[in-house]
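Below: the structure, in structure tokens.
The values are calculated or read from the model by the stated rules, or taken from the named source; none is laboratory data. For clarity, every value in this text was computed on a predicted model and none was experimentally measured. All Cβ positions, glycine included, derive from the backbone under ideal geometry; neighbour counts span all protein chains shown. Accessible surface is based on the protein model in full, side chains and every heavy atom, while ligands, DNA and RNA are left aside. Shrake-Rupley method; radii C 1.70, N 1.55, O 1.52, S 1.80 Å.
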Amino acid sequence: MNIPFLDAWRKRHGGERAGSLASAIESDPEGVTELLAECELLRARVQGFGVRLDDTPTSLEALDQLPPRWRDDPEELPWLGNDAGLYLGTVIVRTVPGAAWRVWPDGKPVVRLASGREIQVVEAGLEWARTGSPELSQMYAEAAES
């Protein structure tokens, strides 16, 4: 997975892909949460619709209601989907007790719930951007129930 803003961070921390992000999550989980919450492309695109991404479940519902104009741009779609997944993960980590970021050996960030279940939020965001399903708010609701 390619997360553009991580490239500069990796260079500052020795260039390791999964290892450096995984160690950062262990040593500075809030800092990594801030980094993964940036989602610049998503924030820029939804601002024009008056949607404010405030890291709440309500903002996920607002995202689900947007007209999917990003589907008209096949180059932008995966980037926006990646951001949507990271944003979903950010909302879960910040509002669901016991939820935390984890990194798989292949470098993919996932959210681990207190129950031990892991959610592949980036894949969910990509699918949402491509098809509109699963809805981000529904993914959140399922995570909050776990």
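Could you grab me the full set of residues in region 51-84 that are at pLDDT 95 or above and either aromatic (Phe, Trp, Tyr) or touching a strand residue (DSSP E or B) at 6+ places or on another chain (Cβ under 9 Å) (or both)?
Across region 51-84, the qualifying residue is only TRP79.
Within region 71-78, can one find any residue that is in a helix (DSSP H, G or I), of a type in the set (D, E, K, R) and open to solvent by 40 Å² or more (accessible area, probe 1.4 Å)?
Yes.
Just to check your reading of the model, which residue among GLY48, GLY31 is within 27 Å of GLY107 (Cα to Cα) and at pLDDT below 95?
GLY31
Would you pick out the residues in region 95-128 that are touching a strand residue (DSSP E or B) at 6+ places or on another chain (Cβ under 6 Å), assigned to a loop (DSSP other than H, G, I, E, B) and of a type in the set (Gly, Ala, Ser)?
Within region 95-128, ALA99 is the sole residue that qualifies.
Hey, among the residues in region 27-40 that are within 14 Å of the chain's Cα centre (by Cα) and assigned to a loop (DSSP other than H, G, I, E, B), which one's surrounded by the most Cβ atoms within 10 Å (Cβ to Cβ)?
Per the criteria, the residue is CYS39.
Mind listing just one residue for me: the one in region 41-70 that is under 21 Å from ARG94 (Cα atoms), part of a helix (DSSP H, G or I) and not aliphatic (A, V, I, L, M) and, of those, least open to solvent (accessible area, probe 1.4 Å)?
In this case the residue turns out to be SER59.
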